[in-house]
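Visitor: Just dropping this structure here.
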Amino acid sequence: MRNLTDRALDTATARGAGYADVRVVRRLDESIAIKTGRVEGVASGESEGFGVRVLVDGAWGFASSHVMTDAEADRIAGEAVRIARASATALRHQTRLDDRPPAHGTYETPLGEDPFTVPLETKIADLLAADRAAAGIKGIAFTESIYAAQREWKTFAATDGSLTEQVITHVGAGIEANAVDGDEHQRRSYPDSGGGWGAGGYEVIRGLRLAERAEPLAEEAVALLTAPQCPSGRFTIVLDPSQLYLQVHESCGHPTELDRVFGTEASYAGTSFLTTDKLDDGFRYGSDLVDIVADATAPGGMGTFGWDDEGVAAQSVSLVRNGIFVGYLSSRETAPRIGRQSGGAMRADGWNRIPLIRMTNINLLPKPGMSLDQIVADTDDGLYLASNRSWSIDDRRLNFQFATEVAYEIKGGKKGRLLKNPTYTGITYEFWRSCDAVGDESSYVMLGTPNCGKGEPGQTGHVGHAVPGARFRNVQVGVGKW
Amino acid sequence: MNDDRAGDALAIAAAALAHALREGVTEAEALVMAEDSALTRFANSEIHQNVAETNITINLRVVVGKRVGVASTGRTDDEGLRRLAGNAAAIARVVEELDDWSGLPGPTEIVAVPAGFNRATADASPEFRAEAARAVIAAADDAGVTSYGSFATSLESMAVANSNGVQAGGTRTTSQLITVSMGPDGGTGYAEAAAVDASTIDAAALGREAAAKARATANAVSVEPGDYSVVLEEYAVVDLLDMLGYLGFSALAVQEGRSFAQDGKRIGSDLVTIADDGRDPAGLPLWFDFEGVAKQRVRLVERGVCRGIVYDAQTAARDGVASTGHGLPAPNPYGPFPLNMVMESGASSREDLIAGLDRGLLVTRFWYTNPVHPKLAIVTGMTRDGTFLVEGGKIVGPVRNLRFTQSYLDALAGTVAVGRERKTLKGMLGAVVVPAVRIDGWTFTGTTEH
């Protein structure tokens, strides 16, 4: 591997690159998809290649290939330099990177039980047991259950002498029960729509206890068919971690990406309302209870690593402290523009993509005082919303609307009847300012999503979110015509 | 056509197939997807990201009795393909039988669409893409706005070989330029084009279109959410087709009871006719699917009435019909998908469409749409990059972006005029050819600050 990285860096330098880095990535995937008690798809995949990123006179170029030979390393490094020279024909500001010490070392995701050595038969049997338990409930039209594991071996080398090697393993699994009656289609999923994901081994999957959750989950999906429609109006809502993590993702994670703030995602993902003047002014993002960090060192999160994809060591960065906006997700290129060092958030989706500023683990920190159950008990009249069903937010990350799979009425501090088709909407900072209770450690759980989209060409990111439950006041619930 | 590349892909598919058959499997299918693609991206009126990729994926599906296993690799050497076959066969030997497995598809008559390939796109260089970026930026400079966007070019070869005698290979090209312009006061505008021949994309014209709209959206004011008649520009109509394709026009969605589609059911006004046609040269042609089956033209909606859905081999066998050539790479729990939707044009000019609005909104495009209730096709999303109030048939001025929560089926039913011009654009997964439309009754449910 070292031969190929040296070759690519030497060629890039010889062709005129002032800075170059190369990533060699081998990715192994395994997936199981079950539908209504049938194993619909089992697949394994491997992909290997390298990408060379260069700066030539302050302009970026990148090229990549799956052909792992010296000759191809020369061709790709040369192509990256040619591309950078083309970039220079439409350049108004030369790119400068912050200083950081060369990165050296190795990192490996801690594993209890290697998911790639657990027999496939075991993994299929575990998932089938859960899926069939859900599918067996009367009224269930179809079920979907998934398992997936991914491992990346990643070597990063740069012309400043950096050399890191990392082995990162992620796993996920989940079940989903669907009930259909005429035009009504209701779904319940566990641990969340799209499954529960984390960094680690098969012990993460065993810990989900899918089979134990399947039957009550399916019964709830059937019950939702005849449940009353969630009402419209302004309500106190309590968000379960299975919904709150996505609220954090969309309304804090994305708007704190500093590349969005500087407009470099404007043509696709959009920009951000969290402009740099708000950092200087101490903008109130949320209530005093809201503490949000980007923590690439958090155990079990899909945003946990040793170094990011430009060789910056993993770290924890405060984004919101006591409700005040205090920091961004940043890179070596963007951080100096606000007078800071990179927070180490550059991540690439494989060998054939450039690193972009991505979420690591964006965590809403728990607050001592009340458990999630106590928050419910402390609520006279409200709604408890769980499990994301759909999400949408505007291109500056202000106006959001979420649907959840289920709402439970809260009356007199107790969770009561089911309500179907709940939705809620708001403006990001108004919503977080209305947060008047954040759960303690007892409901704090690491969740995440394996499908965070960003960039052109498109990249899919694995990101983590540790959250407890929380309560919000005076939220608009029930949107649209039903 | 570039037959050498397709031939190379077919040779790799044949080699993978031979390795699979040596594993003693009952059936096997090798899918090879090779691409040389590049994308030049600009922001703040300069190129800031500029990338290229040479990639290949070999996807092998093997069947042992009725047990199916799938494996993929990027390795094309003999050892890599041997290991691929071993991995796929090992999976097939341990999974349960699919009791209704109907077998891999057999050969169909595949006729290439020469209009799907263009040499200029295949040979597109970084300098060519940079020149287009500079043209967009220059147009923005002239208008006093800032330019953002990307220009992508791609050369794609695909081959499928299976043990039933399928031998399909082809090479095509695609290109897409998108741009967002941003005015000094935050007003934004959008323009986009997609084409087989990248040299036909008029970058300067797209730059002018987006820049003019960014200027026109300056000092936008809020309007109250509620029900409005709307004119949706082509960029917004893409989302209607994409979402309906995703939610309803797939045979698997129908078989699972989660689709709105039903043969003979009226879901739109007489003005709505939608087909999927991978051979239409107006789009980005794709003439066989990922199972090596020739693509058929499928009438999805004809004069407002559901007429068809798209099939892959497995969903077709369940319904006792032939695949329409809409299979995706295995394993595919999502089912077949219409990748080349085409909406029939109407009689109205853009001016006619707007003139028909007594009081309504002109919408450039939608953003971040997501189904709220899939079976009713209720979707939420935002407007973006140019939303205008129209009164008495005339554009009054720009308005701040709005959130909608709207049944796309009700939108088809409320379609009262269709534009006579169409644009070729990229959609969620494939390409679409769409006109602008005027719709009575679109429900906006919220506002934002820009």
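The values are calculated or read from the model by the stated rules, or taken from the named source; none is laboratory data. These numbers were taken from a predicted model, which means no experiment stands behind them. Ideal geometry is used to build each Cβ from the backbone, glycine not excepted, and the neighbour counts take in all protein chains shown.
Visitor: Being of a type in the set (D, E) and free of Cβ contacts under 8 Å to residues at least 40 places away in the same chain is the filter here, so list the residues in region B:398-423 that pass it. Please lay out each step first, then the result.
Guide: Step one: of region B:398-423, the residues of a type in the set (D, E) are B:410, B:421.
The answer is B:D410, and nothing else.
Visitor: How many residues does region A:430-467 contain that are touching a Lys or Arg at 6+ places or on another chain (Cβ under 8 Å) and within 18 Å of A:R260 (Cβ to Cβ)?
Guide: Of the residues in region A:430-467, the ones touching a Lys or Arg at 6+ places or on another chain (Cβ under 8 Å) are A:433-440, A:452, A:454-457, A:459, A:461, A:463.
Filter once more, so that each one left must be within 18 Å of A:R260 (Cβ to Cβ): A:452, A:454-457, A:459, A:461, A:463.
Total satisfying the criteria: 8.
Visitor: Inspect all residues belonging to region B:51-65 and state whether any of them is touching a residue at least 24 places away in the same chain (Cβ under 8 Å), buried (at least 23 other Cβ atoms within 10 Å of the Cβ), over 16 Å from B:N162 (Cα atoms) and within 14 Å of chain A (Cβ to nearest Cβ).
Guide: yes
Visitor: Which one is farthest from the chain's Cα centre (by Cα), of the residues in region A:318-331 that are crowded, with 23+ Cβ neighbours inside 10 Å and within 22 Å of A:P101 (Cβ to Cβ)?
Guide: Filtering region A:318-331 for residues that are crowded, with 23+ Cβ neighbours inside 10 Å and within 22 Å of A:P101 (Cβ to Cβ), the one farthest from the chain's Cα centre (by Cα) comes out as A:S331.
Visitor: Go through region B:331-374 and report how many residues are in a helix (DSSP H, G or I) and in contact (Cβ under 8 Å) with a residue 40 or more places away in the chain.
Guide: Pass one, region B:331-374, residues in a helix (DSSP H, G or I): B:350-355.
Narrowing further to those that are in contact (Cβ under 8 Å) with a residue 40 or more places away in the chain: B:350, B:352-354.
Looking only at that region, the number is 4.
Visitor: Restricting attention to region B:417-430, does a residue exist that is within 26 Å of B:V305 (Cα to Cα), among the β-branched types (V, I, T) and within 11 Å of chain A (Cβ to nearest Cβ)?
Guide: No, there is no match, as no residue in region B:417-430 is within 26 Å of B:V305 (Cα to Cα), among the β-branched types (V, I, T) and within 11 Å of chain A (Cβ to nearest Cβ).
Visitor: Looking only at region A:76-97, count how many residues are more than 9 Å from chain B (Cβ to nearest Cβ) and not small (G, A, S).
Guide: Of the residues in region A:76-97, the ones more than 9 Å from chain B (Cβ to nearest Cβ) are A:77-78, A:81, A:94, A:96-97.
Right, trim to not small (G, A, S) and you get A:81, A:94, A:96-97.
The qualifying residues number 4.
Visitor: Now a separate question. Given A:T236, A:T297, which one is farther than 20 Å from A:G323 by Cβ and outside any helix (DSSP H, G or I)? Walk me through how you get there before you give the answer.
Guide: Details: A:T236 fails: farther than 20 Å from A:G323 by Cβ.
None of the others qualify; the one that does is A:T297.
Visitor: Looking only at region B:71-87, which residues are more than 8 Å from chain A (Cβ to nearest Cβ) and either in contact with a strand residue (DSSP E or B) (Cβ under 9 Å, 6 or more places away or on another chain) or not charged (D, E, K, R) (or both)? Walk me through how you get there before you give the answer.
Guide: Going residue by residue through region B:71-87, those that are more than 8 Å from chain A (Cβ to nearest Cβ) are B:76-86.
Across region B:71-87, the qualifying residues are B:T76, B:G80, B:L81, B:R83, B:L84, B:A85, B:G86.
Visitor: Another one. Out of curiosity, is A:T264 under 17 Å from A:I338 (Cα atoms), surrounded by fewer than 20 Cβ atoms within 10 Å (Cβ to Cβ) and among the hydroxyl-bearing types (S, T, Y)? Steps first, please.
Guide: Working: under 17 Å from A:I338 (Cα atoms): yes; surrounded by fewer than 20 Cβ atoms within 10 Å (Cβ to Cβ): no; among the hydroxyl-bearing types (S, T, Y): yes.
Answer is no for this residue.
Visitor: For residues in region B:118-146 being crowded, with 24+ Cβ neighbours inside 10 Å and more than 9 Å from chain A (Cβ to nearest Cβ), which is nearest to A:I83 (Cα to Cα)?
Guide: B:A124
Visitor: Report yes if A:G174 is at pLDDT below 95 and surrounded by 19 or more Cβ atoms within 10 Å (Cβ to Cβ), otherwise no.
Guide: Details: at pLDDT below 95: no; surrounded by 19 or more Cβ atoms within 10 Å (Cβ to Cβ): yes.
The answer is no for A:G174.
Visitor: Can you tell me how many residues in region B:160-195 are farther than 25 Å from B:L425 by Cα and either surrounded by fewer than 24 Cβ atoms within 10 Å (Cβ to Cβ) or aliphatic (A, V, I, L, M) (or both)?
Guide: Step one: of region B:160-195, the residues farther than 25 Å from B:L425 by Cα are B:160-168, B:184-186.
Retained after the next criterion (residues that are either surrounded by fewer than 24 Cβ atoms within 10 Å (Cβ to Cβ) or aliphatic (A, V, I, L, M) (or both)): B:160-161, B:163-168, B:184-186.
Going through region B:160-195 one residue at a time, the tally reaches 11.
Visitor: Here is a further query. Yes or no: A:R132 more than 30 Å from B:V94 (Cβ to Cβ) and within 14 Å of another protein chain (Cβ to nearest Cβ)? Before the answer, list the steps.
Guide: Details: more than 30 Å from B:V94 (Cβ to Cβ): no; within 14 Å of another protein chain (Cβ to nearest Cβ): yes.
Judged against the criteria, A:R132 is not a match.
Visitor: Which one is farthest from A:D131 (Cα to Cα), of the residues in region A:37-53 that are acidic (D, E) and touching a residue at least 12 places away in the same chain (Cβ under 8 Å)?
Guide: The initial filter retains those residues of region A:37-53 that are acidic (D, E), namely A:40, A:46, A:48.
Still in the list and also touching a residue at least 12 places away in the same chain (Cβ under 8 Å): A:46, A:48.
Numbers: A:E46: 27, A:E48: 33 Å.
Across region A:37-53, the extreme among qualifying residues is A:E48.
Visitor: Looking only at residues that are assigned to a strand (DSSP E or B) and more than 14 Å from chain A (Cβ to nearest Cβ) in region B:6-29, which one is nearest to B:S150 (Cα to Cα)?
Guide: Initially, region B:6-29 is screened for residues assigned to a strand (DSSP E or B), giving B:27-29.
Within this subset, residues satisfying the condition of being more than 14 Å from chain A (Cβ to nearest Cβ) are B:27-28.
Numbers: B:E27: 43, B:A28: 39 Å.
The extreme case among them is B:A28.
Visitor: Testing B:E79 on (1) out of contact with any Lys or Arg (no Cβ under 8 Å at 6 or more places or on another chain); (2) in contact (Cβ under 8 Å) with a residue 12 or more places away in the chain; (3) under 22 Å from A:H66 (Cβ atoms); (4) among the acidic types (D, E), one condition comes back false. Which one is that?
Guide: Tallying (1) out of contact with any Lys or Arg (no Cβ under 8 Å at 6 or more places or on another chain); (2) in contact (Cβ under 8 Å) with a residue 12 or more places away in the chain; (3) under 22 Å from A:H66 (Cβ atoms); (4) among the acidic types (D, E), B:E79 fails exactly one: (2).
Visitor: Next question, about the same structure. Can you work out which of the residues in region A:53-75 that are at the interface with chain B (Cβ under 8 Å from one of its Cβ atoms) and assigned to a loop (DSSP other than H, G, I, E, B) is surrounded by the fewest Cβ atoms within 10 Å (Cβ to Cβ)?
Guide: A:V67
Visitor: Another one. Search region B:301-325 for residues being free of Cβ contacts under 8 Å to residues at least 60 places away in the same chain and in contact with a strand residue (DSSP E or B) (Cβ under 7 Å, 6 or more places away or on another chain), and hand back the single one that is nearest to the other protein chains (Cβ to nearest Cβ). Step through it out loud before you land on a result.
Guide: Filtering region B:301-325 down to residues free of Cβ contacts under 8 Å to residues at least 60 places away in the same chain leaves B:302-303, B:305-308, B:320-322, B:324.
This time we only want the ones that are in contact with a strand residue (DSSP E or B) (Cβ under 7 Å, 6 or more places away or on another chain), so: B:305, B:307-308, B:324.
Values: B:V305: 18, B:R307: 20, B:G308: 21, B:T324: 20 Å.
Per the stated criteria, the residue is B:V305.
Visitor: Continuing with this model, one more query. Tally up the residues in region B:218-232 that are crowded, with 24+ Cβ neighbours inside 10 Å and either of a type outside the set (V, I, T) or outside the structural domain of B:G397 (by TED's automatic domain parsing) (or both), please. Outline the logic, then answer.
Guide: In the first step, residues of region B:218-232 are kept if they are crowded, with 24+ Cβ neighbours inside 10 Å; the result is B:230-232.
Now restrict to residues that are either of a type outside the set (V, I, T) or outside the structural domain of B:G397 (by TED's automatic domain parsing) (or both): B:232.
Adding up the residues that qualify gives 1.
Visitor: Inside region B:34-55, can you point out the residues that are under 17 Å from A:A73 (Cα atoms) and among the acidic types (D, E)? Spell out how you get there, then give the answer.
Guide: So the first thing to find is which residues in region B:34-55 are under 17 Å from A:A73 (Cα atoms), and the list is B:36, B:51-55.
Result: B:D36, B:E53.
Visitor: Can we say A:R100 is free of Cβ contacts under 8 Å to residues at least 60 places away in the same chain and either facing chain B (nearest Cβ under 9 Å) or over 26 Å from B:S125 (Cα atoms) (or both)? First the steps, then the outcome.
Guide: On the way: free of Cβ contacts under 8 Å to residues at least 60 places away in the same chain: no; either facing chain B (nearest Cβ under 9 Å) or over 26 Å from B:S125 (Cα atoms) (or both): yes.
When the stated conditions are applied, A:R100 does not pass them.
Visitor: Then there's this: Looking at (1) more than 19 Å from B:Y334 (Cα to Cα); (2) within 14 Å of another protein chain (Cβ to nearest Cβ); (3) among the polar types (S, T, N, Q), find the lone condition where A:Q166 falls short.
Guide: Checking A:Q166 against (1) more than 19 Å from B:Y334 (Cα to Cα); (2) within 14 Å of another protein chain (Cβ to nearest Cβ); (3) among the polar types (S, T, N, Q), the one that fails is (2).
Visitor: Specify which of the listed residues (A:D288, A:D309) is part of a loop (DSSP other than H, G, I, E, B) and closer than 26 Å to A:G458 by Cα. Lay out the reasoning, then the answer.
Guide: Values: A:D288 fails: closer than 26 Å to A:G458 by Cα.
When all the criteria are applied, what remains is A:D309.
Visitor: Looking at region B:390-401, can you tell me whether even one residue there is in contact with a Gly (Cβ under 9 Å, 6 or more places away or on another chain) and either more than 20 Å from B:S349 (Cα to Cα) or outside any strand (DSSP E or B) (or both)?
Guide: Step one: filter region B:390-401 for residues in contact with a Gly (Cβ under 9 Å, 6 or more places away or on another chain), giving B:390-391, B:393, B:398.
From what's left, either more than 20 Å from B:S349 (Cα to Cα) or outside any strand (DSSP E or B) (or both): B:393, B:398.
Looking through region B:390-401, at least one residue is in contact with a Gly (Cβ under 9 Å, 6 or more places away or on another chain) and either more than 20 Å from B:S349 (Cα to Cα) or outside any strand (DSSP E or B) (or both).
Visitor: Among the residues of region A:251-267, which ones are modelled with pLDDT of 95 or more and outside any helix (DSSP H, G or I)? Steps first, answer last, please.
Guide: Start the filter on region A:251-267 by keeping residues that are modelled with pLDDT of 95 or more, which leaves A:251-266.
Scanning region A:251-267 gives A:E257, A:F262, A:G263, A:T264, A:E265, A:A266.
Visitor: I need the full set of residues from region A:20-34 which are surrounded by 19 or more Cβ atoms within 10 Å (Cβ to Cβ) and not small (G, A, S), in order please.
Guide: Result: A:D21, A:V22, A:R23, A:V24, A:V25, A:R26, A:R27, A:E30, A:I32, A:I34.
Visitor: While we're on this one: Can you tell me which condition A:L111 does not meet? The list is (1) in a loop (DSSP other than H, G, I, E, B); (2) without any contact (Cβ under 8 Å) to a residue 40 or more places away in the chain; (3) crowded, with 18+ Cβ neighbours inside 10 Å, and all the others hold.
Guide: (2)
Visitor: Based on what the data block shows, is A:F50 within 13 Å of chain B (Cβ to nearest Cβ), within 30 Å of the chain's Cα centre (by Cα) and outside any loop (DSSP other than H, G, I, E, B)? Don't jump to the end; show me each part of the working.
Guide: Numbers: within 13 Å of chain B (Cβ to nearest Cβ): yes; within 30 Å of the chain's Cα centre (by Cα): yes; outside any loop (DSSP other than H, G, I, E, B): yes.
Answer is yes for this residue.
Visitor: Next question, about the same structure. What are the residue pairs meeting all of these: first residue in region B:431-450, first residue closer than 12 Å to B:V237 by Cα, second residue outside any strand (DSSP E or B) and of a type in the set (S, T, Y), Cβ atoms under 6 Å, and 6 or more apart or on different chains?
Guide: From region B:431-450, the pairs are B:P435/B:S345.
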